[in-house]
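Below you'll find the structure, written out as structure tokens, and then a few comments.
The values are calculated or read from the model by the stated rules, or taken from the named source; none is laboratory data. All figures in this text were calculated on a predicted structure; none of them were measured in a lab. Cβ placement follows ideal geometry from the backbone for every residue including glycine, while neighbour counts extend to all protein chains displayed.
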Amino acid sequence: MRSSWHGIPLWSLVVPVLAIGLLAAIWESELGWTLVSLVTVILFAAVFAAVHHAEVIALRVGEPFGTLILALAVTVIEASLIVTLMLSGGEETSTLARDTVFATVMIICNGVIGLCLLLGGMRHRVLTFNVEGTSPALAALGTLVVLTLVLPNFTTTQPGPELSRSQLAFAGAISAALYAVYVFVQTVRHRDYFLPGGVEDQDAHVAPPTTLATGLGLVLLLVSLVAVVGLAKSLAPAIENAVRVARVPHAVVGIVIALLVLLPETVAATRAALLDRMQTSVNLALGSALATIGLTIPVLAAASLTFGLPLDLGLPTKEIGLLALTLFISSLTLSQSRATVLEGAVHLVLFAVFLFFAIIP
């Protein structure tokens, strides 16, 4: 029995189709526990299919384009989902964008990077990456985060946590412009800063995928990611019920959904760290965080200005403190070219603090 078609594993062909079919069958339906279990299993299978196809594309186009494609695809789909929910939710969704962006930054900078450093450090003792690539990316991320999530609390034209129409348009334009500069530097001007050490030597003996395999992989990557985000949304009511029964804050629902949506990048980044390619892991992590702000905020700003949607961006005081500590620790970790399990443990402790105080505020 054949296990591949034109060099593409059959499971990676079947899973995305199965996942999108399941999503179409259950869309807007109330899920019983049997369907919840099935959706969860298929969701995780779609995550691994997305990672596989992203790696195929990366092998053809090279780094850092491969990690950029995965980050952009997830962010575009996630931004579309947020806009859809805001259009249908009204006033109740005014903090959805803020909570999603904040959760994404905390998950990536603490959870994903911490996990990569811990697991990669346990296997390889010391992990290396390029400071020339990590430091500018973190500087851009810190600038965008403070501009979009902290500054709205301190403006006077319109009381926080909202921005006035002109301020919102300015924040959206600046976010998009800074992200565009980051992508230009990453892929054109200083591409070598974002390449893993020895990547050319490690991949020299691997035959690149065919044009057919690459094109089909791109389509299946998008299908897999749509399925992941859609299935995560379908699980939201079950998650809300569990949160209600557990009597924890409703914000936990957004964190759980963000964790599910970020699974493809988490798996891909962790696998890269285990292969001693920490630069690829950092590209995925910081690239995803930057794309979340650099693409999502302009889209949401445009939607808010066009449709008059309420958009609260300013974070509460406790979250600002956690964000400041995260940026400070991340700057210490990523301002040197080497890291060990200790840095990973510190980031994971911060991630645990974020989760604990989200559940018990």
Q: Filter region 174-198 for residues that are hydroxyl-bearing (Ser, Thr, Tyr) and farther than 11 Å from LEU290 by Cβ and give the result.
A: THR187, TYR193
(Q) Going residue by residue through region 88-96, is there one that turns out to be assigned to a helix (DSSP H, G or I), β-branched (Val, Ile, Thr) and out of contact with any helix residue (DSSP H, G or I) (no Cβ under 6 Å at 6 or more places or on another chain)? (A) no
Q. Within region 181-222, which residues are part of a helix (DSSP H, G or I), at pLDDT below 85 and of a type in the set (Ser, Thr, Tyr)?
A. THR211, THR214
Q: Considering every residue within region 37-46, establish whether at least one is within 24 Å of VAL146 (Cβ to Cβ), at pLDDT 75 or above and not acidic (Asp, Glu).
A: no
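Determine whether region 248-255 contains at least one residue that is modelled with pLDDT of 90 or more, more than 16 Å from the chain's Cα centre (by Cα), part of a helix (DSSP H, G or I) and surrounded by fewer than 20 Cβ atoms within 10 Å (Cβ to Cβ).
No, that holds for no residue.
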Q) If you go through region 67-85 one residue at a time, do you hit one that is part of a loop (DSSP other than H, G, I, E, B), of a type outside the set (Gly, Ala, Ser) and under 13 Å from LYS233 (Cβ atoms)? A) no
(Q) Out of the residues in region 292-325 meeting the condition of being free of Cβ contacts under 8 Å to residues at least 24 places away in the same chain and part of a helix (DSSP H, G or I), tell me which one is surrounded by the most Cβ atoms within 10 Å (Cβ to Cβ). (A) ALA324
Q: Please enumerate the residues belonging to region 74-126 that are among the polar types (S, T, N, Q) and within 16 Å of the chain's Cα centre (by Cα).
A: THR75, SER80, THR100, THR104, ASN110
Q: State the number of residues belonging to region 85-109 that are modelled with pLDDT of 70 or more and over 25 Å from GLU319 (Cα atoms).
A: 1
Q. When you look at GLY120, is it surrounded by 23 or more Cβ atoms within 10 Å (Cβ to Cβ), touching a Leu at 6+ places or on another chain (Cβ under 6 Å) and at pLDDT 90 or above, yes or no?
A. yes
(Q) Considering only residues that are hydroxyl-bearing (Ser, Thr, Tyr) and touching a Cys at 6+ places or on another chain (Cβ under 8 Å), which ones fall in region 252-284? (A) THR270, SER281
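Residues are listed down the side, and each one gets a yes or a no for (1) surrounded by 14 or more Cβ atoms within 10 Å (Cβ to Cβ); (2) over 21 Å from the mean Cα position of the chain (by Cα):
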{"position": "ILE8", "(1), (2)": "yes, yes"}
{"position": "VAL14", "(1), (2)": "no, yes"}
{"position": "SER29", "(1), (2)": "no, yes"}
{"position": "TRP33", "(1), (2)": "no, yes"}
{"position": "VAL36", "(1), (2)": "yes, yes"}
{"position": "VAL51", "(1), (2)": "yes, no"}
{"position": "PHE65", "(1), (2)": "yes, no"}
{"position": "ILE69", "(1), (2)": "yes, no"}
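Would you confirm, using the coordinates I've provided, whether GLY308 is modelled with pLDDT under 85 and not hydroxyl-bearing (Ser, Thr, Tyr)?
The answer is yes for GLY308.
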Q. Which of the residues that make up region 266-285 are farther than 11 Å from VAL112 by Cα, more than 13 Å from the chain's Cα centre (by Cα) and either buried (at least 24 other Cβ atoms within 10 Å of the Cβ) or touching a residue at least 24 places away in the same chain (Cβ under 8 Å) (or both)?
A. ARG271, ALA272, LEU274, ASP276, ARG277, MET278, GLN279, THR280
